[in-house]
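The structure appears right after this line, and notes come after that.
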Amino acid sequence: MAIGPARFPFSVGGIVQDLRWALRTLRRSPGIAAVAVLSLALGIGANTAIFTLLESTLLRPISVKGLDRLRLLTWREQWGGWVAPNLGYFSYSFGSIYEQRETADGGLMHTDFSPGIYNDFLRHNTVFDSLFTFKELGRVTAVVDGNAEPVNCFAVSGDFYRGMEVSPVLGRAIAPENDVPAQDGQVALISYDYWTRKFARSPSVIGKTITLNEVPATIIGVNPQYFTGIEPGAKFDVWTPLSLSPAVIGRAFLDEPRAWQIPMMGRLKAGVTEARAQSETEALFQAGVDAEPGPLASLLKDPAKRPRFILSSAARGVDYLTQRYDRLLLALLSLAGLVLLMACANVANLLLFKSAVRQREISLRLALGASRPRVVRQLLTEGLLLAAIAGVAGVILAYWTRNAVPQLLATPWKPIPFDAEFDVKALLVSLALTFVTGVLFSLAPIFRASISRSGQVELGKALKDSGGSSASLSKLGIGRALVAAQIAVSVFLLAGAALCVRTFTNLRGVSPGFRPEGVLMFTLDPPRLRYPAERLVALTTELQQQIGTLVGVRSVAFSSTAADAVVGPRFFETMGIPILFGRPIDDRDRADRPLAAVVNRAFMRRYFRDENPIGKSFKGFVSKECN
């Protein structure tokens, strides 16, 4: 029987009929349906969850208006060229931060500027409608109504809120008049989450006093719920004027003219072209560099070694996440994609088995006049129905497990590095995955349908091969290819898993250089007003003595978290760190005596060529390679 032109009659009644038939078919083979749904749900769920992480971590822009005119001010230096001094700082969300990123062509991109250059930009600006700076202050102790708790604090200059086009949902924003340091009348805004958690969204929060490291400030506003900041992955509870930083954390970011440590953003004026903005700001930047050349001034004479100013898109704000997690998430997405392909191959094989068993039914339908497109549509409907059920289960699974990877990356002293929030893009990806997988595993049984290349039904052959309930599976060439593909992908994944297990096993056997058993760690951030540098040593010494008297405590010590760690007496004893040469730091090493240091083995090899370093001296900071 000749088959006419391939047409797909997409009538509502026909589609409903196909769905009913597909449901009856699934009910007749619940085992196959369950295995298919479970396999696909795992694949779709894993891919959706990881894409949600990828999108929210590496792709999603910050939640502000008018991103097309918002610019992040950056500058680039080549290795071996001029570079400004950068002290770096410790971020509660990201650890040690040095605001520079490597480029693919061997340079470094910086986002930090000096207060002098910032002020020059403000005085001579003709291209920005608003220009502002900001800085993460880190963890501070907040006291409200007598209750103390640690909060994450972010400081901004007065034009920040106008430039970001963010309006508080309650109260008012920080304004330019708050750039002037004041003995009283300090102000602060709080995040929507902190307002909900601490004040149950009470409007009476406006006017309340919040004490930040013993510095009182009046709460003047609440940020909108959508605005979580300009550093993707970081969440801040309290927002203060940048002028408040000296009192809160002891650092005056705007009053240290030679320290390059403040990022800048600006919103371009309407009608200002990118070329004009780049040209004018480049000239201001180069003038600022010449005015503050620092110890590397001689390098500025060579044009190839001068830094270059670049206006960058601020759609991602100040992005510390991408460099840290892009490879990890892309690798996870690739593995999840392989798992989904395996699931598709598995389901395709199951449906091949079903189609082999149903060849007699398909052949009879074709012989009785059903068009080939009509049969293909029925098989495609069954596949898409399976995929739809699996897609719903996969979305639920993805929603439950979307933060599983961030939870694994969290530590007791560091919060979850990012949140995976479901949005429209994640749901669209789920729908696309569901449709594509449904089509993919439906193609195999469609191609297996007993239809000759000339378009004629091989009815006799089908009736002979499909007798009873058995099928000649040895003739399913597509099935054998799918099995081979499954085996290949499985071997690849198992080999990768074995290597990961071996790596983790080896890491567990590597000594960290200290004895972690029985060690309890906690952090301390004393208020700077009450405990300036000269009183901080006395405080830590007193705490060390009092904790040492507790039952069960054998040894107590304190240290800072830096490459050149400052430690107290008994630190090496407390941490179980052996001393190869000389002695550990102890009570003899007081502030009124010459500075003492204990170096590690890498330092000894690099700077003293494996000679005994006892009694030798060095000056300044050491290379990161010696950590």
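The values are calculated or read from the model by the stated rules, or taken from the named source; none is laboratory data. Every value quoted in this text rests on a predicted model; they were computed, and no experiment measured them. Note that we place each Cβ from the backbone using ideal geometry, even for glycine, and neighbour counts take in every protein chain shown. For the accessible areas, the whole protein counts, side chains as well, though only heavy atoms, and no ligand, DNA or RNA atoms are used. Shrake-Rupley method; radii C 1.70, N 1.55, O 1.52, S 1.80 Å.
Tell me which residues, restricted to region 22-33, are open to solvent by less than 60 Å² (accessible area, probe 1.4 Å) and without any contact (Cβ under 8 Å) to a residue 60 or more places away in the chain.
31
Would you say residue 313 is surrounded by fewer than 17 Cβ atoms within 10 Å (Cβ to Cβ) and out of contact with any helix residue (DSSP H, G or I) (no Cβ under 9 Å at 6 or more places or on another chain)?
no
Quick check on residue 557: is it modelled with pLDDT of 80 or more, surrounded by 12 or more Cβ atoms within 10 Å (Cβ to Cβ) and in contact with a strand residue (DSSP E or B) (Cβ under 7 Å, 6 or more places away or on another chain)?
The answer is yes for residue 557.
So is residue 193 assigned to a helix (DSSP H, G or I), in contact with an Asp or Glu (Cβ under 9 Å, 6 or more places away or on another chain), open to solvent by 40 Å² or more (accessible area, probe 1.4 Å) and not basic (Lys, Arg) or not? First the steps, then the outcome.
Values: assigned to a helix (DSSP H, G or I): yes; in contact with an Asp or Glu (Cβ under 9 Å, 6 or more places away or on another chain): yes; open to solvent by 40 Å² or more (accessible area, probe 1.4 Å): yes; not basic (Lys, Arg): yes.
So residue 193 passes the test.
For residues in region 212-226 being touching a residue at least 40 places away in the same chain (Cβ under 8 Å) and farther than 19 Å from residue 192 by Cβ, which is most open to solvent (accessible area, probe 1.4 Å)?
Step one: list which residues in region 212-226 are touching a residue at least 40 places away in the same chain (Cβ under 8 Å), which gives 212-215, 219-226.
In the following step, the residues that additionally are farther than 19 Å from residue 192 by Cβ were identified as 213-215.
Numbers: 213: 1, 214: 70, 215: 9 Å².
Among those that are touching a residue at least 40 places away in the same chain (Cβ under 8 Å) and farther than 19 Å from residue 192 by Cβ, it is 214.
Restricting to region 90-127, name every residue that is in a strand (DSSP E or B) and modelled with pLDDT under 90.
Within region 90-127, 90, 91, 95, 96, 97, 100, 101, 102, 107, 108, 109, 110 meet the criteria.
Regarding region 536-546, can at least one residue be identified that is loosely packed, with under 12 Cβ neighbours inside 10 Å, at pLDDT below 80 and either in contact with a strand residue (DSSP E or B) (Cβ under 8 Å, 6 or more places away or on another chain) or part of a helix (DSSP H, G or I) (or both)?
no
When you scan region 572-585, do you find a residue that is over 24 Å from residue 516 (Cα atoms), assigned to a helix (DSSP H, G or I) and either at pLDDT below 80 or among the aromatic types (Phe, Trp, Tyr) (or both), even just one?
Looking through region 572-585, none of the residues is over 24 Å from residue 516 (Cα atoms), assigned to a helix (DSSP H, G or I) and either at pLDDT below 80 or among the aromatic types (Phe, Trp, Tyr) (or both).
Of everything in region 103-141 that's within 28 Å of the chain's Cα centre (by Cα) and free of Cβ contacts under 8 Å to residues at least 60 places away in the same chain, which residue is most open to solvent (accessible area, probe 1.4 Å)?
The selected residue is 104.
Could you list, in sequence order, all residues of region 534-552 that are aliphatic (A, V, I, L, M) and over 21 Å from residue 150 (Cβ atoms)?
Scanning region 534-552 gives 537, 538, 550, 551.
Go over the candidates 284, 338, 330, 300 one by one and state the one that is closer than 22 Å to residue 103 by Cα, assigned to a helix (DSSP H, G or I), among the hydrophobic types (A, V, I, L, M, F, W, C) and open to solvent by 30 Å² or more (accessible area, probe 1.4 Å).
After ruling out the rest, the residue left standing is 330.
Across region 203-257, what is the number of residues that are over 30 Å from the mean Cα position of the chain (by Cα), part of a strand (DSSP E or B) and either at pLDDT below 85 or of a type outside the set (Val, Ile, Thr) (or both)?
2
Looking for something free of Cβ contacts under 8 Å to residues at least 60 places away in the same chain, over 23 Å from residue 261 (Cβ atoms) and part of a helix (DSSP H, G or I) - is there at least one such residue anywhere in region 168-187?
Scanning region 168-187 turns up at least one residue that is free of Cβ contacts under 8 Å to residues at least 60 places away in the same chain, over 23 Å from residue 261 (Cβ atoms) and part of a helix (DSSP H, G or I).
Given the conditions (1) open to solvent by less than 20 Å² (accessible area, probe 1.4 Å); (2) modelled with pLDDT under 90; (3) not in a helix (DSSP H, G or I), report the number of the one that residue 265 does not fulfil.
Of (1) open to solvent by less than 20 Å² (accessible area, probe 1.4 Å); (2) modelled with pLDDT under 90; (3) not in a helix (DSSP H, G or I), only one is false for residue 265: (2).
Checking the condition within 31 Å of the chain's Cα centre (by Cα), farther than 28 Å from residue 317 by Cα and among the aliphatic types (A, V, I, L, M), which residue from 148, 188 passes?
From the options 148, 188, the qualifying one is 148.
Just checking, how many residues over region 378-422 are modelled with pLDDT under 70 and over 13 Å from the mean Cα position of the chain (by Cα)?
Of the residues in that region, 4 qualify.
What number of residues within region 2-27 satisfy the criterion of being at pLDDT 75 or above and farther than 15 Å from residue 384 by Cβ?
Result for region 2-27: 2.
Among the residues of region 180-189, is any among the polar types (S, T, N, Q) and open to solvent by 10 Å² or more (accessible area, probe 1.4 Å)? Steps first, answer last, please.
The initial filter retains those residues of region 180-189 that are among the polar types (S, T, N, Q), namely 183, 186.
Retained after the next criterion (residues that are open to solvent by 10 Å² or more (accessible area, probe 1.4 Å)): 183, 186.
So far as region 180-189 goes, yes, one or more of its residues are among the polar types (S, T, N, Q) and open to solvent by 10 Å² or more (accessible area, probe 1.4 Å).
Residue check, residue 464 against (1) modelled with pLDDT under 75; (2) in a helix (DSSP H, G or I); (3) open to solvent by less than 60 Å² (accessible area, probe 1.4 Å); (4) over 30 Å from residue 58 (Cβ atoms), all met but one. Which one?
For residue 464, the failing item is (3).
Quick check on residue 157: is it farther than 21 Å from residue 267 by Cα and among the hydroxyl-bearing types (Ser, Thr, Tyr)? Write out each step before concluding.
On the way: farther than 21 Å from residue 267 by Cα: no; among the hydroxyl-bearing types (Ser, Thr, Tyr): yes.
No, not satisfied.
Return yes when residue 274 is open to solvent by 70 Å² or more (accessible area, probe 1.4 Å) and within 30 Å of residue 233 (Cα to Cα) and no when it is not. Can you show your working first?
On the way: open to solvent by 70 Å² or more (accessible area, probe 1.4 Å): yes; within 30 Å of residue 233 (Cα to Cα): yes.
Spelling it out, residue 274 is indeed open to solvent by 70 Å² or more (accessible area, probe 1.4 Å) and within 30 Å of residue 233 (Cα to Cα).
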